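J.: Questions regarding the structure given below will be posed in turn.
The values are calculated or read from the model by the stated rules, or taken from the named source; none is laboratory data. This structure is a prediction, so every number in the text was calculated from the model and none was measured. Cβ placement follows ideal geometry from the backbone for every residue including glycine, while neighbour counts extend to all protein chains displayed.
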Amino acid sequence: MSAIEQIGDNRYSLKARGTSMVLEQVNGGWRVKTKNAATRAWSMGGESWKEFATLAQVEANYKSWRGIAALVETQNQQAH
């Protein structure tokens, strides 16, 4: 399992199975940006993204992000 790395305020990244992903908080929800062989081929080197209302939805759609809700909650508690 790949490690989730915090790369900024409410911004996280991970690499899993040839895919690089960035999760960031936007507009009260969360956006997952994905870059892999398929996005490079179809988007001329770009990335694709999906938006979710909650981190629970992110975890339900991406196995690699399981545990992110607990990580974000812990970090928010430590910040206060």
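J.: Among the residues of segment 1-14, which ones are closer than 18 Å to residue 55 by Cα and of a type outside the set (Ser, Thr, Tyr)?
T.: 3, 4, 5, 6, 7, 8, 9, 10, 11, 14
J.: Can you name the residue in segment 32-61 that is assigned to a loop (DSSP other than H, G, I, E, B) and either at pLDDT below 75 or not β-branched (Val, Ile, Thr) (or both) and is also surrounded by the fewest Cβ atoms within 10 Å (Cβ to Cβ) among such residues?
T.: 44
J.: Which residues, taken from segment 1-30, are buried (at least 16 other Cβ atoms within 10 Å of the Cβ) and among the charged types (D, E, K, R)?
T.: 24, the sole residue that qualifies.
J.: Could you grab the pairs with beta carbons closer than 8 Å, sequence gap of 6+ or different chains, first residue in segment 17-31 and at positive phi, second one at pLDDT below 95 and exposed (fewer than 15 other Cβ atoms within 10 Å of the Cβ)?
T.: Listed by first residue and then by second, the contacts come to 18/37.
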